[in-house]
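Every number here is computed from the coordinates shown, using simple stated rules; none is lab data. What you see is a predicted model; the values in this text were computed from it and never measured. Note: ideal-geometry Cβ built from the backbone for every residue, glycine included; neighbour counts use all protein chains shown.
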Amino acid sequence: MTAAAGGRRCVLVTNDDGVAAPGLAALARAAVALGHDVVVAAPSRDQSGTGAAIAPAMAEEGIRVTPAELAGVEGVTAHAVDGPPALAVLAARLGGLGPLPDLVVSGVNAGPNTGYSVLHSGTVGAALTAANFGLSGLAVSIDAAGPDNLDTATVVARAALSWLVDAPAGTVLNVNVPDLPLDRLAGVRWAPLASFGRVQATVRENDGGRLQMEISAGGQEQEPGTDTALLAAGFVTVTSIVAIQATPPNDAPRAIEASLTSSSID
């Protein structure tokens, strides 16, 4: 679908918390309220922490996709996909889930996605996957595992999506919203990624050669001016993230070639 500036778009709504998560329905309602054609395709179960994974895309038995219903979202086609959100984006972009999307919105995630740890976020991974196909993507998260103010995140998401519609193709916004009433927000700020997020992982070795990982709220001192610190201070944070791309050339090829030339194969 091609639309004029500010016009109607086909919006794919997904998440990594699963198709039954309240934040998914809230985000779908936000896109519908803006007058867009909305298709929902989200994991059939929680796929948090999957990043931009697309397994089991090549499974011989195929990918299980079943119809789903979202509370308070009428007349919207919804799919439960047996896989992570990036797989749903891939399937939709290839025409497997109906009309080809113009934009991808992901969330509203229950819990923040800040700092460099967004690399591992399925919520952000879906938006980045969209960008790899030349589409713009929006990832929205709220700073609570069980939020009391999901409506605030919905209002913010509507505003962000309205801006994204006319942004250059491939733009990715990562938006984090405090779990506060709308009138108690400190404001909206552009925010660089912190060198750590709001969660930390620890690993311990168990008997039997297994590693058990535990993820908990991070206790590090927050870096001033970053998304993690601003979110904690009550600001909505907005960060534009660049999808996968090559860096400027360096001397690695020359060094590798020189090494190969001087090496002998036994």
Kirkwood-based Rg to Rh ratio, the chain, C-alpha trace:
1.03
Show me 75-84, 124-133, 159-168, 20-29 ranked by packing, highest mean number of other Cβ atoms within 10 Å first.
124-133, 20-29, 75-84, 159-168
Output the 0 to 90 degree angle, nearest 10, between the alpha-carbon long axis of helix 150-164 and the longest principal axis computed from the alpha carbons of the chain.
70 degrees
Using Cα atoms only, what is the angle between the long axis of helix 252-262 and the major principal axis of the chain, expressed in degrees (0 to 90) to the nearest 10?
30 degrees
Between residue 158 and residue 55, what is the label-to-label distance in nm when each label sits 7 Å out along the Cα-to-Cβ direction?
4.1 nm
Among 18, 87, 238, whose Cα lies farthest out toward the positive end of the dipole of the chain, if unit charges sit on the beta carbon of Lys, Arg (+1) and Asp, Glu (-1)?
238
Quote the charge dipole size of the chain about the Cα centre in Debye, to the nearest 20; the model charges only the Cβ of Lys and Arg (+1) and of Asp and Glu (-1).
540 debye
